[in-house]
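Visitor: I have a structure here, written as structure tokens, and I will follow up with some questions on it.
The values are calculated or read from the model by the stated rules, or taken from the named source; none is laboratory data. Not measured: the values here are computed from a predicted model. We place every Cβ from the backbone using ideal geometry, glycine too, and count neighbours over all the protein chains shown. These accessible areas exclude ligands, DNA and RNA; they are computed on the full protein's heavy atoms, side chains included. Shrake-Rupley method; radii C 1.70, N 1.55, O 1.52, S 1.80 Å.
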Amino acid sequence: MSETALELLHRRRSVVAKMLMEPGPDAQQLEMILTAAVRVPDHKMLSPWRLTVFEGDGRRAFGAILAGVSCLENEELIFSADAIQAERVRFERAPIVIAVISKMKDTKPVPQWEQILSAGAVCQNILIAASALGYSAQWVTEWLAYSQRLRPVLQLGEGERVAGFVYIGTAKEAPKERGRPVLDQVVGQWQIPGQVPVVD
Ligand SMILES: Cc1cc2nc3c(=O)[nH]c(=O)nc-3n(C[C@H](O)[C@H](O)[C@H](O)COP(=O)(O)O)c2cc1C
């Protein structure tokens, strides 16, 4: 790994969707991001994921559906014009939103857990590629990833689940640093457990 790539990994920081704005990646840059996205570890080359890009007017059309569905899911919202408006513009918080759909296949040698992990890697690669191009991004799920009513809208088939919606754009302002795990608290050296049979 080059030092530049390592530095990028060390500085990468999500920017919350509401703090993103235009410009977003152009068509060529989006292709670079998508190319990086699908270059992930994938046991037995199943491609156990697919991606859906929302940009331009599609974000508003999707928002209109969100506004309606959110009222069905939370009846209190019907009385809140602000909440309905927030749904209407949810996908317009950023120039581009990529839905990463985990597409689990019933392929015996590859546990579904591994297929889900591969979808997570797709999301992370999008964050890194966007960051490498000078953009900011956030990986979220929010209520829509779990809504049964949105499944047909997202054309989710059997075995498909939303791994995340990745919002990509330009940061309105630099984010504050976030606390990071202390290595000693999350990393350890393996040691031989006391009561296990050992074959010399
Ligand atoms: C699977 C997954 C789902 C997430 N969903 C949300 C979410 O719905 N809303 C949210 O604010 N953050 C969510 N996050 C957290 C953000 O993506 C991000 O990790 C957080 O803002 C910290 O930023 P960092 O990448 O700089 O550590 C989610 C993270 C993961 C891995």
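Visitor: Over the Cα atoms of the chain, how large are the radius of gyration and the largest Cα-Cα distance (Dmax), in Å?
Guide: 19.8, 72
Visitor: In nm, what is the difference between 0.36 nm times the number of residues separating GLU114 and ARG180 and their Cα-Cα distance?
Guide: Between GLU114 and ARG180, full extension yields 21.2 nm more.
Visitor: Moving to a separate point now. Percent of accessible area on the chain owned by carbon and sulfur, 1.4 Å probe? Mind showing how you got there, number by number?
Guide: Values: 6970 of 12720 Å².
Roughly 55 percent of what the probe reaches on the chain is carbon or sulfur.
Visitor: Just from its helices, what would the mean residue ellipticity at 222 nm be for the chain, if runs of 4 or more DSSP H residues each count -39500 (n - 2.57) and the sum is divided by every residue, rounded to the nearest 500 deg cm²/dmol?
Guide: Values: 6 runs with 70 residues, N = 200.
After summing the helix terms and dividing by residue count, I get -11000 deg cm²/dmol.
Visitor: Send over a whole-number figure in Å² for the accessible area per residue of the chain, probe 1.4 Å.
Guide: With the other protein chains kept in place, the chain gives 64 Å² per residue.
Visitor: Would you work out if region 88-145 is rounded, prolate or oblate? Take a ≥ b ≥ c from the square roots of the eigenvalues of the alpha-carbon gyration tensor; rounded if a/c is under 1.5, else prolate when a/b is larger than b/c, oblate otherwise. Mind showing how you got there, number by number?
Guide: Working: a/c = 3.67, a/b = 1.67, b/c = 2.19.
It comes out oblate by the Cα gyration axes.
Visitor: Within the chain, what's the longest stretch lacking trypsin sites (Lys or Arg not before Pro) that sit in DSSP loops with no more than 14 other Cβ atoms inside 10 Å?
Guide: Between exposed loop sites, the widest span is 40-104.
Visitor: Right, another one. Determine one quarter of the surface area of the Cα convex hull of region 83-200, which equals its mean projected area, and express it in nm² to one decimal.
Guide: 13.2 nm²
Visitor: Residues with amide H under 5 Å of SER136's amide H, sequence separation 5 or more or different chain, H placed in the peptide plane at 1.01 Å from N; which?
Guide: GLY169, THR170, ALA171
Visitor: So, one more: Using a 7 Å offset from the Cα along the Cα-to-Cβ direction at both LYS105 and GLU73, what is the distance between the two label points in nm, to one decimal?
Guide: Between LYS105 and GLU73, the label points sit 2.9 nm apart.
Visitor: Helix 112-132 versus the longest principal axis of the chain: what is the Cα-based angle in degrees, 0 to 90, to the nearest 10?
Guide: 70 degrees
Visitor: Is there a quick way to get the dipole size of the chain? I mean about its Cα centre, with the Cβ of Lys and Arg at +1 and of Asp and Glu at -1; what is the value in debye to the nearest 20?
Guide: 80 debye
Visitor: Students often forget the sequence filter, so: which lysines lie under 21 Å Cα-Cα from LYS108 once same-chain residues fewer than 8 apart are removed?
Guide: LYS44
Visitor: Right, here's the next one. With labels modelled as points extended 7 Å from the Cα through the Cβ direction, what inter-label distance (nm, one decimal) is found for GLU158 paired with LEU6?
Guide: 4.8 nm
Visitor: Output ³J(HN,Hα) for region 89-101: one whole-Hz value per residue in order, computed from phi by the Karplus curve 6.51 cos²θ - 1.76 cosθ + 1.60 with θ = phi - 60°, and x for Gly and Pro.
Guide: 9, 3, 7, 8, 5, 9, x, 9, 10, 10, 8, 9, 9
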